[in-house]
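S.K.: One structure, as C-alpha cells, below. Some questions next.
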Amino acid sequence: MTSDLTTVVSGFLNELNDTYKLAVTVFLLVITLLGCFFGYKLSRLFMSLTGFLTGIVLGNVISGHFLHTQGTATALVLILCGALVAALSFYIYRIGIFILCFGLAFAAGSSFFPFTGDLQFFLCILTGLVTGVLAVKFMRPVIILSSAIVCGSCASGLLPSADKYLGLHILPSMSTLGTFGLCFILCVLGILFQFFTTKEPGKKHRHKHSA
C-alpha cells in the first residue's frame, strides 16, 4: 500500500519545472557520487540521513494509523520521529550501521524486486535484514560494497538526466547495455577507491602501538 508521504513527494516532483528538476537532480547526483566513492568515510553522515528518513517513514505510520493526526501535527510527528531515529543512528554506532545498510540493501532489493506483491516486499525486507546483520559483524566491507553498488547505480541513472537538463548532450540516449556498462564502471571504481583509501577500524591504532 502506497503511503500518503510517498504520494505527496511523487506529486511534488511531478509538478517541478525544469529548473527545479535540474537542481534536485544535481543535488541527488552529488549525494550519490559521494556515497559511491566516500560511503565508508562518510558513514556517520549517511547513517544520520538514513535514520532521519527511516524515522519519517515510522512517523508517517504512527501518525496515520495510531494518532490519526493531520496537518501541522502530522508534520511535527514526522520531524520528531526523524530526529529521534537520526540521533540514535549517530550516537549508537551499531544501530546506525544496521539502519544504513538495511536502507541501502532495501533500496537495491526494490530495484530487483518491484513491489508488485507481498512476496517482493518480503524479499526486500529480508535482503535489508540480512545485509544489516552482516554489516554489524563485517562493518567495513559491507558498508563499502553496499554504498558503492547502490549509490553507483543511482548515480548512473541520474547522469543522463543531469546531462539532458544541462543541455550538454555528452551522454546520448544510451541503450540498456550502455546504461549497465556505466553502472558497472561506477560501482567498480567506487568499490576499489573505498577499499584502497580506507582501513579496518583499529588497524591504525595497532600500528602505532607496535611502533
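S.K.: Within the stretch 18-65, can you find the residues that are within 20 Å of Cys101 (Cα to Cα) and open to solvent by 70 Å² or more (accessible area, probe 1.4 Å)?
M.R.: Leu28, Val30, Phe38, Lys41, Arg44, Leu45, Leu49, Phe52, Leu53, Val57, Leu58
S.K.: Considering only residues of the stretch 152-164 that are of a type outside the set (Gly, Ala, Ser) and touching a Leu at 6+ places or on another chain (Cβ under 7 Å), which is modelled with the lowest pLDDT?
M.R.: Filtering the stretch 152-164 for residues that are of a type outside the set (Gly, Ala, Ser) and touching a Leu at 6+ places or on another chain (Cβ under 7 Å), the one modelled with the lowest pLDDT comes out as Asp163.
S.K.: Looking at the stretch 49-63, is at least one residue of a type in the set (Gly, Ala, Ser) and under 26 Å from Val188 (Cβ atoms)?
M.R.: Checking the stretch 49-63: not a single residue is of a type in the set (Gly, Ala, Ser) and under 26 Å from Val188 (Cβ atoms).
S.K.: Determine if the stretch 101-113 includes at least one residue that is among the hydrophobic types (A, V, I, L, M, F, W, C) and farther than 23 Å from Thr127 by Cβ.
M.R.: No - not one qualifying residue is present in the stretch 101-113.
S.K.: Which of the residues spanning the stretch 27-54 are within 11 Å of the chain's Cα centre (by Cα) and of a type in the set (Phe, Trp, Tyr)?
M.R.: Once the filter is applied, which keeps residues that are within 11 Å of the chain's Cα centre (by Cα) and of a type in the set (Phe, Trp, Tyr), the stretch 27-54 yields only Phe46.
S.K.: Pull up the stretch 132-156, narrow it to residues that are open to solvent by less than 30 Å² (accessible area, probe 1.4 Å) and closer than 12 Å to Ala107 by Cα, then point me to the one that is farthest from the chain's Cα centre (by Cα).
M.R.: Ser146
S.K.: Since His68 meets every condition but one in (1) at positive phi; (2) open to solvent by less than 50 Å² (accessible area, probe 1.4 Å), which condition does it not meet?
M.R.: (2)
The values are calculated or read from the model by the stated rules, or taken from the named source; none is laboratory data. What you see is a predicted model; the values in this text were computed from it and never measured. All Cβ positions, even for glycine, are placed from backbone atoms using ideal geometry, and neighbour counts span all protein chains on display. The accessibility values were calculated without ligands, DNA or RNA, using every heavy atom of the protein model including side chains. Shrake-Rupley method; radii C 1.70, N 1.55, O 1.52, S 1.80 Å.
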